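Values quoted throughout were computed directly from the atomic coordinates according to the rules given, and no laboratory measurement underlies them. Because the structure is predicted, anything quoted here is derived from the model rather than measured. FYI the Cβ positions are ideal-geometry reconstructions off the backbone, even for glycines, and counts take in every protein chain you see.
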């Protein structure tokens, strides 16, 4: 498969944001695999892939682990340049696509999606959700609370609860999970102000523990 030609066509005709993201991420991943690397989509782009419509991002974040016997810098540069990307700061860019590699290490579980003739590895949805819950509780980012609620509604009973709670327990964030899950199941309008009140309540509980 000529990855560059398929990418050219995808960028030309695919206008649905979520489908475009998935296809471009899969083609970039395929180019990196041809160089012996094994990328995984993480961050906000993983949210959009797992739950289209709940979150939109312009960036594709990849973890690309180093491999023994492969010059990591040269391999990823060959892969991106073969697809017509150029380097600008920390991003590889082409048209309106921005790809960043924030890390070279990953031990978390992944999900594998079939995308046309190739595959795409994405960090597990439970890890993505746990990351948003932890960010809500400890960083006070109410946007993360909104995203976590949207993910809870989207995933429903499809979550691996033992996997999710193992991550939450490690960060002592199960209380925030239960609070957000209760809000997700309610008919209450979820606003930044409502989430801030929930944050204050969680902090008061911890302070009185």
>> Only Cα pairs within less than 10 Å get springs; with that Gaussian network setup on the chain, which residue of 49, 190, 123 has the largest fluctuation?
In response: 190
>> Given a 10 angstrom Cα cut-off, can you work out which residue in 92, 139, 72 is the most mobile in a GNM of the chain?
In response: 139
>> How far apart, in nanometres, would the label points at residue 191 and residue 13 be if each is projected 7 angstrom from Cα along the Cα-to-Cβ direction?
In response: 4.6 nm
>> Using only the alpha-carbon atoms, how far is helix 72-82 inclined from the longest principal axis of the chain? Give it as 0 to 90 degrees, nearest 10.
In response: 70 degrees
>> Could you tell me the center-to-center distance, by alpha carbons, between segment 116-133 and segment 141-167 in angstrom?
In response: 12 Å
> How many percent of DSSP beta bridges within the chain run antiparallel, rounded to 5?
Replying inline: 75 percent
> Packing-wise, with mean Cβ within 10 Å as the measure, how do 76-84, 124-132 rank, highest first?
Replying inline: 124-132, 76-84
> Counting pairs of alpha carbon atoms under 8 Å apart in space and at least six apart in sequence, what relative contact order in percent does the chain give?
Replying inline: 17 percent
> Quick one: if you stick a label point 7 Å off each Cα along the C-beta vector at residue 204 and residue 104, how many nm between them?
Replying inline: 4.8 nm
> Taking springs between alpha-carbon atoms closer than 10 angstrom, which of 68, 98, 136 fluctuates most in the Gaussian network model of the chain?
Replying inline: 68
>> Restricting to bridges with both residues inside segment 3-123, how much of the DSSP beta-bridge set is antiparallel, in percent to the nearest 5?
In response: 75 percent
>> Please give the Cα centre distance for segment 66-98 versus segment 14-47, rounded to the nearest Å.
In response: 13 Å
> Given R₀ = 35 Å, FRET efficiency for residue 71-residue 171 by Cβ-Cβ distance, to 0.05?
Replying inline: 0.50
